[in-house]
Structure formats: C-alpha cells, structure tokens
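Each value in this text was obtained by applying a stated rule to the coordinates, not by laboratory testing. As the structure is a computational prediction, the values presented were derived from the model and not from experiment. Cβ placement follows ideal geometry from the backbone for every residue including glycine, while neighbour counts extend to all protein chains displayed.
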Amino acid sequence: SVLIGLLAVCVAALIALRTGRATDFFLVQLVSNAASGLAWMVSIVVRWPLLGVLVGAVLGQRGRWRRDPALLRAYARGSWVWVATYLLRLAVFVPLWLGGQVVALVVARVALTWPLVAAALAVSWLVIRRSLPAGHPGLRHPVVLSERDDVPAK
C-alpha cells in the first residue's frame, strides 16, 4: 500500500512537472476517484457489490454471502455509500482543479481522505445492519436457501 502510494505521488509529480501546472499533481487522484466510483457502481449492477466481496473475503465466506438475498441486498446498499464518497470527492476536487486552486485542493484532499473513509465505514455498517431483516443471523452467517425447496440449508 505504501509503495503504491509512493508510486502514485511520483507519477503525479511527473505529470505536474510535464505540464508545468501545480494543480495537475491532482490529476491522478481525480482519475482514480472516477475509476473507483465507476468500479463500485458496476459491481453493484452486476450483483457482486465490492463491499460484500471485501467483507466476505475478510470473513472467509468466499462467495457464499451472494446466495443470501438479504445479505446481497444489504451489501449493495452499503456499497452505494462508497460510491457516494467517490462522487463527493469528484464534486469537490474537479471545480478546484479547474479553478487552479492548489492550496484548496490540498486541504480538500486531507479532509476527504481518512475522515471520509471513517465516516463511510460507519455509515455503510449502519446501512447494512438496517437493511437486514429482523431475525437475520448477521454477516457471519449467510442464510443460504436450498435450490430444491427454498428452505434454509443447514
């Protein structure tokens, strides 16, 4: 993660040096936010919400969570929170970049990085919890229906 961050900073610096505009240092971040937001949206549309993929991997469930309609729906709703973070960043960064406001971009970058990630974690957790029906056993225990009779499998 640190090496990828360092590489991104080096590429951003090279872009700024090449163009001669300090604001172009933020082009890599603009493109990565747009690509990330698009990836999260596509994951929801194709019914593999990235939040479910990440949480499922952490919990060792592989794709089992996808066979639980309530969990699939909850992860999709929670993933929209993350889409919103990328769109918010773009809504703030693009006008500042177009206006050539380097200092404002630095401040916005700091404000919309870790604090926004922490808020997205909390909000997506709440969205998931509220999206699950009463009596659902939770993230660790997907309710997988048997294909034969629509009865929870054991």
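Per residue, how big is the convex hull of the chain when only Cα atoms are used? Give it in Å³.
It is 118 Å³ per residue.
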| Taking THR113, THR85 and counting other C-beta atoms within 10 Å, the order from fewest to most | THR113, THR85
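What is the gain in length, in nm to one decimal, between VAL46 and ARG109 on full extension, counting 0.36 nm per residue of separation less the C-alpha to C-alpha distance?
The span from VAL46 to ARG109 would gain 19.6 nm if fully extended.
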| query | Looking at the chain, do any whole DSSP H helices span at least 20 angstrom along their long axis by alpha carbon and average 1.0 or above on Kyte-Doolittle, and which? | reply | 2-19, 27-45, 69-98, 114-131
